[in-house]
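S.K.: My questions will all concern the structure given below.
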Amino acid sequence: MWDYTEKVKDHFMNPRNVGEIEDADGFGEVGSLACGDALRLTFKLDEDRRIKDVKFKTFGCASAIASSSALTEMVKGKTLEEAEKITNRDIADYLGGLPEEKMHCSVMGREALAAAIASYRGERVEKEEFEVICKCFGITDKEIERAVKENNLHTVEQVTHYTKAGGGCESCHPKIEAIINKVWGEKERKPVLVKPAKGEKLTNIQRMRLIEETLEREIKPALRQDGGDLELIDIEGSKVLVALRGTCSFCPSADFTLKQYVEAKLREFVADDISVEVKE
Amino acid sequence: MKTIYVDNNATTQVAPEVFEAMKPFLQDLYGNPSSMHFKGGEAQKAMVEAREKVADAVGANPDEIVFTSCGTESDNAAIVGTLESHPEKRHVVSTRVEHPAVWTLCKHLEKKGYRVTMLSVDREGRLDLDELRAAISDNTALVTIMCANNETGVIFPIEEIGQIVKSRGIPFHTDAVQAVGKIPLNMKKSTVDMLSFSGHKLHAPKGIGVLYIRKGTKFSPFLIGGHQERGRRGGTENIPYIVGLGKACELAARHLEDENNRVRSLRDKLEEGLLERIPDTLVNGDREHRLPNTVSVSFEYVEGESILLMLSNLGICASSGSACTSGSLEPSHVLRAMGIPFTAAHGSIRFSLSIYNAEEDIDYILEQLPPIIERLREISPFWRDYIKASSRK
């Protein structure tokens, strides 16, 4: 049961400006039936190029309808330059807040407005320039980056709440994480230890930590993309004992992966004499 | 505002008789049945009586009944308990439309290295038994297939399935949480080895469940601790709730006919009324082999959560398979497995009745829902497009 504010409930039960302007100056449509959310925004300008009339049609939940209604109230009387400054946070604040999981409804509002303004200006919002990160919901890297910056997001889960990206098959999670890191800088992600220069010897503790870190950072994410996984069982000197999980456990290429990929990566990041074996 | 509760597959109200039966055990009769003194004896006696009533409800022997905390625990115990007893086998067969208590557990088992085959269903939500026959292998440790689906009400042919599974010597578990109390079940004449059910779907409170384990079935305990439930499930027995469940099972046996006749006709009236009064409405699931109390309908071009909130404001309580209500961003995995198009899945509403519903509840819904759908369709961008397109034909 969502904890909706009174304002959200009001804009849902009594939405303002429902409809479609026939010969609109601006026409923006985002979302689809498949997504479960869609918004069609139309506006007409007056002689001073301010938004005189604006209407919306929405397919979606209470948050979606309320966000659309709120947005139309917020843009009335504004110039396009003023209107396009409105962020999804502004829409959510106007409503007194939205549950985290529903923030993507406010993002949809802003996107429809951007599309409508672009249509008036004769621009086309070229989705093809950007990379589609989330195939389930068709979300591009540009959209994710924008949401991360404007809403100060730091986790994949938050990105899902605000954009829906990563809410389907989840295979794009590593890519979303990469975008988050790109926005906030790579500081947290630098390895604590580095492979020692030639001649230097690692202590046992250092070697074990480096092996664990390399598995977590370099090897496991790649296996997980294919539905597989690896569990570290033990480390005896330079011998690393692992167990295969998920699709790796019955994959015919498992041996190949183990030697050519896992062992190779460990030799690259830890020490040249590392060997990898599977626990029977 | 009157409450019209038509969400009984989510949970049911506690029957007044059940509450009365439980009260003494939350007051003076507080003993632990394992104790040697008379207070323990009082509790022990009540538990024995309740166990008999529960066993009668499914045609089982009392010592085949294990009390758990909920349906999910029963499902987890059955599946994990069987896998632990057959460690050399690493394959499980289930379906794509199971309740999360089974479905999510199966996904978890896959991560742990088990191979899980999820049988598919057709557009009506029915299984293909040939697919089941082909899926079973020498490495299959367990087949777990639900008795009746919580979203669509579709009933699976459990005995036919059981014949196939047992002929290969494989343990067979069924999640019967939605079926017990609605359709007759008799373990004496069944092929099922283990069966789960839950109190709160039967007008008992939330927090009590049952796992039926046929005598002779290998089972490793899931909750390990004291010797309770003959060493099959540790933990001091939840006496007040066990007594409540016993009473609920007694009532369920009495009400089975009412459920299958009067309640069924109320459901049919609701279904037919909605199809008649609201255009572009579909029923999801096999209408013939279905629980008597359930109907899942889809209203195209509008979204489920909005419909539910508007109904809720009028006192009507139902649920939906839409993305917004599923807890994830995708619509219900059951509707998707059935191949229901997104256009319909997002606008799906489930009504599930009980013996406490009356004809005026149905009449009220039939009166109030059409204007809601009409209003939401006016707000939807797709409805007008659809109307324009179809008028051009």
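S.K.: Give me the helices (runs of 4 or more DSSP H) completely within the stretch B:298-393, filtered to those with at least 2 residues that are within 11 Å of another protein chain (Cβ to nearest Cβ), ordered by residue number.
M.R.: So the answer is B:304-313, B:323-326, B:342-345, B:359-379, B:381-392.
S.K.: Among the residues of the stretch B:84-112, what is the count of those that are closer than 13 Å to B:THR144 by Cα and part of a loop (DSSP other than H, G, I, E, B)?
M.R.: Residues flagged as closer than 13 Å to B:THR144 by Cα and part of a loop (DSSP other than H, G, I, E, B) within the stretch B:84-112 amount to 4.
S.K.: Shifting gears a bit: Check B:GLY162, B:GLY235, B:GLY209, B:GLY216 and return the single one that is of a type outside the set (Lys, Arg), under 26 Å from B:GLU42 (Cβ atoms) and either surrounded by fewer than 24 Cβ atoms within 10 Å (Cβ to Cβ) or modelled with pLDDT under 95 (or both).
M.R.: B:GLY235
S.K.: Residue check, A:ALA115 against (1) free of Cβ contacts under 8 Å to residues at least 40 places away in the same chain; (2) within 25 Å of A:THR72 (Cα to Cα), all met but one. Which one?
M.R.: (1)
S.K.: Only one of A:ARG217, A:ARG245 is among the basic types (Lys, Arg), outside any helix (DSSP H, G or I) and within 27 Å of A:GLU177 (Cβ to Cβ); which?
M.R.: Criteria check complete, one pass: A:ARG245.
S.K.: Limited to the stretch B:279-297, what total is found for residues that are in a loop (DSSP other than H, G, I, E, B) and within 25 Å of B:ALA179 (Cα to Cα)?
M.R.: Of the residues in that region, 9 qualify.
S.K.: Is it the case that B:LEU29 is out of contact with any strand residue (DSSP E or B) (no Cβ under 7 Å at 6 or more places or on another chain), of a type outside the set (S, T, N, Q) and assigned to a loop (DSSP other than H, G, I, E, B)?
M.R.: In short, yes.
Residue-wise test of (1) at pLDDT below 85; (2) within 30 Å of A:PRO99 (Cα to Cα); (3) surrounded by 18 or more Cβ atoms within 10 Å (Cβ to Cβ).
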{"residue": "A:GLY138", "(1), (2), (3)": "yes, yes, no"}
{"residue": "A:ASN152", "(1), (2), (3)": "no, yes, no"}
{"residue": "A:THR160", "(1), (2), (3)": "no, yes, yes"}
{"residue": "A:GLY166", "(1), (2), (3)": "no, yes, yes"}
{"residue": "A:PRO174", "(1), (2), (3)": "no, yes, no"}
{"residue": "A:GLU186", "(1), (2), (3)": "yes, yes, no"}
{"residue": "A:LYS190", "(1), (2), (3)": "yes, no, no"}
{"residue": "A:GLU200", "(1), (2), (3)": "yes, no, no"}
{"residue": "A:GLY246", "(1), (2), (3)": "yes, no, yes"}
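S.K.: Taking the condition of being without any contact (Cβ under 8 Å) to a residue 24 or more places away in the chain, of a type in the set (D, E, K, R) and touching a strand residue (DSSP E or B) at 6+ places or on another chain (Cβ under 8 Å), how many residues in the stretch B:283-305 meet it?
M.R.: Here the count works out to 1.
S.K.: Right, something else. For A:CYS105, are the conditions met, namely being over 22 Å from A:TRP2 (Cβ atoms) and within 14 Å of chain B (Cβ to nearest Cβ)?
M.R.: Here the answer is no, as A:CYS105 does not meet what is asked.
The values are calculated or read from the model by the stated rules, or taken from the named source; none is laboratory data. Please read these numbers as outputs of a predicted model, since none were measured by experiment. Cβ coordinates were reconstructed from backbone atoms using ideal geometry, including for glycine residues, and neighbour counts include every protein chain displayed.
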